[in-house]
Amino acid sequence: MNKVGICINHQQPMSIKEILQEISKENNDKARMPVRYIINKNATILFWNDGEKTIVRKADDDEFNARLGFLTAFFQRYSGLSKNKANKFLANLEIEETKEE
């Protein structure tokens, strides 16, 4: 499995597992993090402490993006929306530009 890393505050790249551990330490009273995850080139699966799992599959024409798969699954879990409604919501996000004064 390839290690996917991102930088936080200009530190060394961290794996998703390291990021989840760091978030869990700092945010015990906030959104619960998955207890386990599987990320491969076709699907992302998040496992939760209540026994549920959230599965997000990559469309044939989508480029593989581990972070996007994880965040989409996380959003589906916490939004309470169905997969279709969550995907429509995310697809229709618009960037609102702010004017500098």
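The values are calculated or read from the model by the stated rules, or taken from the named source; none is laboratory data. Please read these numbers as outputs of a predicted model, since none were measured by experiment. Every residue, glycine as well, gets a Cβ built from its backbone with ideal geometry; the counts of neighbours run over all protein chains shown.
Summary of computed values
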item: Filtered residues of region 65-90 (kept if assigned to a loop (DSSP other than H, G, I, E, B) and either surrounded by 13 or more Cβ atoms within 10 Å (Cβ to Cβ) or at positive phi (or both)); result: Asn65, Gly80, Leu81
item: Among residues of region 48-63, those that are surrounded by 10 or more Cβ atoms within 10 Å (Cβ to Cβ) and either among the hydroxyl-bearing types (Ser, Thr, Tyr) or under 20 Å from Arg36 (Cα atoms) (or both), counted; result: 9
item: Qualifying residue in region 60-78 (condition: free of Cβ contacts under 8 Å to residues at least 24 places away in the same chain and of a type in the set (Gly, Ala, Ser)); result: no
item: Unique residue being more than 15 Å from the chain's Cα centre (by Cα), modelled with pLDDT under 85 and β-branched (Val, Ile, Thr) when the list is Ile6, Ile19, Ile95, Ile23; result: Ile95
